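Here's the structure, in structure tokens; my notes come after.
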Amino acid sequence: MADQTRLFPEQGFAPPGKGGFDGGDNSGHRARLRKRLMTGGEDALADHEVIEYLLMVARPRIDTKPIARSLIQRFGSLAAVLTADPQALALHPNMGETSAAALRIVALAARRLARNTVREQPVLSNWQALLDYLHIDMAHLNVERVRVLYLNTQNMLILDHLVSEGTLDESPIYAREVIKKALEIGAASMILVHNHPSGSPQPSRADIQITNRIAEAGRLMGVVVHDHIVIGREGHVSLKTKGLI
């Protein structure tokens, strides 16, 4: 007889007695997880248990704990798992598209919630919400992404513009194009943002040089560059705070 687990990895088939079906001790374990989730605080579940629970909801007929632990081991953290490339998630052992989608939807919801929070208030007076949004969206990317946040005269976000997405350590940005976009949409100011896939948010010499070129071009055209924020897994750096603008 064919090995159903191998043939249908996402349908929850598992050999009897291996914890594949939601019964016995596995059922009790899930009930305890659910109770801790519903009655505890934000730290009620460990990182691998958060993933385990998400996969459990998507695939209720298999034991998802080993998969959750293997995902943490491979990608390094809960945040890295939830923001991982969808194909990488789907191809991970015992995953597949159904399981990958269950994890991806959480990251999507988190980004939308954070983005809406940023849009609701003037950005400069809601700085922590902006940093939270940028970390959720960019800190764990494996390629460099450059964005410009264009603001109106009330410092409300009018456009979150993805300028470019490049290689592991480089993505181009051109001062003329950034200023041109600001004039097209009537922006009064902007915040430059990019990430460092290496993890360290320390700005490079090139980061500082392009920031000053854009800031100078903006001054000539009446568009203020408030800051350039570099995002990394280890945190963020504000070029303005460091006195580099």
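Values computed for the structure shown
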read-out: Selection from segment 115-135 of residues that are over 20 Å from residue 225 (Cα atoms) and touching a residue at least 40 places away in the same chain (Cβ under 8 Å); value: 115, 135
read-out: Single match in 176, 111 (criterion: within 20 Å of the chain's Cα centre (by Cα) and among the basic types (Lys, Arg)); value: 111
read-out: From the options 185, 214, 245, 208, residue that is over 21 Å from the mean Cα position of the chain (by Cα), at pLDDT below 90 and of a type outside the set (S, T, N, Q); value: 245
read-out: Members of segment 118-134 found to be open to solvent by 50 Å² or more (accessible area, probe 1.4 Å) and under 19 Å from the mean Cα position of the chain (by Cα), listed by number; value: 119, 127, 128, 132
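Each row is one residue, and each column tells you yes or no for (1) without any contact (Cβ under 8 Å) to a residue 24 or more places away in the chain; (2) open to solvent by 60 Å² or more (accessible area, probe 1.4 Å); (3) closer than 24 Å to residue 122 by Cα.
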| residue | (1), (2), (3) |
| --- | --- |
| 162 | yes, yes, yes |
| 179 | no, no, yes |
| 185 | no, yes, yes |
| 192 | no, no, yes |
| 195 | no, no, yes |
| 207 | no, no, no |
| 244 | no, no, yes |
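Yes/no matrix, rows are residues, columns are (1) touching a residue at least 40 places away in the same chain (Cβ under 8 Å); (2) farther than 27 Å from residue 215 by Cα; (3) surrounded by 18 or more Cβ atoms within 10 Å (Cβ to Cβ):
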| residue | (1), (2), (3) |
| --- | --- |
| 69 | no, yes, no |
| 102 | yes, yes, yes |
| 113 | no, yes, no |
| 144 | yes, no, yes |
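Here's the yes/no breakdown for (1) open to solvent by 30 Å² or more (accessible area, probe 1.4 Å); (2) modelled with pLDDT under 85:
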| site | (1), (2) |
| --- | --- |
| 41 | yes, yes |
| 65 | yes, no |
| 90 | no, no |
| 96 | no, no |
| 99 | no, no |
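The values are calculated or read from the model by the stated rules, or taken from the named source; none is laboratory data. Everything numeric here is computed off the predicted structure, so don't read it as measured data. Every residue, glycine as well, gets a Cβ built from its backbone with ideal geometry; the counts of neighbours run over all protein chains shown. Protein only, heavy atoms only, side chains kept; ligands, DNA and RNA dropped before computing areas. Shrake-Rupley method; radii C 1.70, N 1.55, O 1.52, S 1.80 Å.
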